[in-house]
Every structure is written in C-alpha cells, then in structure tokens.
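Below is one structure, written out as structure tokens; the observations come after it.
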Amino acid sequence: MKLLVVSDSHGNKAVLEDLKAKYKDQVDAMIHCGDSELSADDSVLEGFTVVRGNCDMDSAFPNERILELNDSVIFVAHGHLHRIKSSLLTISYRAKEVGADFVFFGHSHLLGAEMIDGALYLNPGSILLPRGGNEKTYAIVTKDHSKIVVQFFNGRHEELTQLGTVFQ
C-alpha cells in the first residue's frame, strides 16, 4: 500500500495539481488533511480524500474520514478539533475508537511521524506555509508485510532523506 499525504495547502491549486499529476497513478490513495481553503466541489480536489480544516469554510467537507484500505484502517482529521498543537492524546482516543492503524492530520504545519500503540501518527507538514524552519513538505507512506516507510518530500519533489523513517 502506498499513500500520498498532504495538508495545509491554503488555496494553492497549482501545488495540488502538481501532486496529482505526479502521483495519481503511483499511489493507492491521495489524502489531504485539511485547510485546502477550496470548495468541496473544486475539480483540483478530485481524487483526493479530504477533511475539513479550521480555515475551510465549505461545510461539505467532513471533519474526519475513516478509510479501509488493504486491511488497514486510516483515520484522517485536520487536528484542530483534537487540539494536536498541545498533545496527541485527544486524537489518540478517537484513533483507538475507530481501530486506526494510521492517523493522518495537519494543522500545526510541523511535520512528524511516530508509532504510538502500534499506529502510525503522521503530520506531513504544510505544502504551502511550513513552520519551525522546515521546508514545504508532503509525505509518502508505504506499507508492505514487514515494515512501514515514511518519506518526506519538499515542494520540488526532492526526498528529504534525513527526515524519513522506517518502522518495523
């Protein structure tokens, strides 16, 4: 299973079109963790699984999505309703309720990946407005039978190898 995870594009359609053109035939799902600042029916979002962020005004976006893909449960939320800037505790409660193997969120504009109680928690950072001295980023998550590989890429699609992680 191979997933593209992006967040916090804040109205930049070009970056989403670029990601879609590059990855649509290479991944099993394209996931946007909110703050697209687009309307839910915008054609640039076609093919993406999208949730509503705190800057998304279109109420047609759901606050969370639960995907089942290749025997994995993927929980997607923006993170603002779970106060992820303070702690992952609240989002972890919801992830456990739904039996999530993967927990994808944005909101803080800070990238990160860690395993918590057997689930991968991933924030791909922001593809438009990164914080913390980071570059604009998105993530590719690959799961095979024995491991999960997280790769972060910048806006020029260059892998940030120092940030990648393999979980066994």
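Only the coordinates and a few stated rules stand behind these numbers; no lab work does. Owing to the predicted nature of the structure, the values given are computational and were not obtained by experimental measurement. Every residue, glycine among them, receives a Cβ derived from its backbone with ideal geometry; neighbour counts consider all protein chains shown.
Listed values, structure above:
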{"read-out": "Antiparallel DSSP beta bridges within the chain, as percent of all bridges there, nearest 5", "value": "65"}
{"read-out": "Helix-only CD estimate at 222 nm, as mean residue ellipticity for the chain, using -39500 (n - 2.57) per DSSP H run (n ≥ 4)", "value": "-3500 deg cm²/dmol"}
{"read-out": "Normalised alpha carbon radius of gyration of the stretch 107-168 [divisor 2.2 N^0.38 Å]", "value": "1.10"}
{"read-out": "Net +/- balance of residues flanking F167 in space, Cβ distance below 14 Å, scoring K and R +1, D and E -1", "value": "-2"}
{"read-out": "Selection of GluC sites (Glu not before Pro), the stretch 1-93, meeting DSSP coil and at most 13 other Cβ within 10 Å", "value": "E46"}
{"read-out": "Cα gyration tensor category, rounded, prolate or oblate, for the chain with a/c compared to 1.5", "value": "rounded"}
{"read-out": "Loop sites in the stretch 93-168: GluC sites (Glu not before Pro), DSSP, at most 10 other Cβ within 10 Å", "value": "E158"}
{"read-out": "Förster-model FRET efficiency, 25 Å R0, D144 and A21, C-beta, rounded to 0.05", "value": "0.45"}
{"read-out": "Spin-label proximity, M1 to the stretch 125-149 - amide N less than 18 Å from point 7 Å beyond Cα toward beta carbon", "value": "139-149"}
{"read-out": "Of the trypsin sites (Lys or Arg not before Pro) in the stretch 82-168, those whose Cβ has at most 13 other Cβ within 10 Å and which sit in DSSP loop", "value": "R83, K85, R131, K147, R156"}
{"read-out": "S86-V166 pseudo-label distance in nm [points 7 Å out on the Cα-to-Cβ vector]", "value": "3.9"}
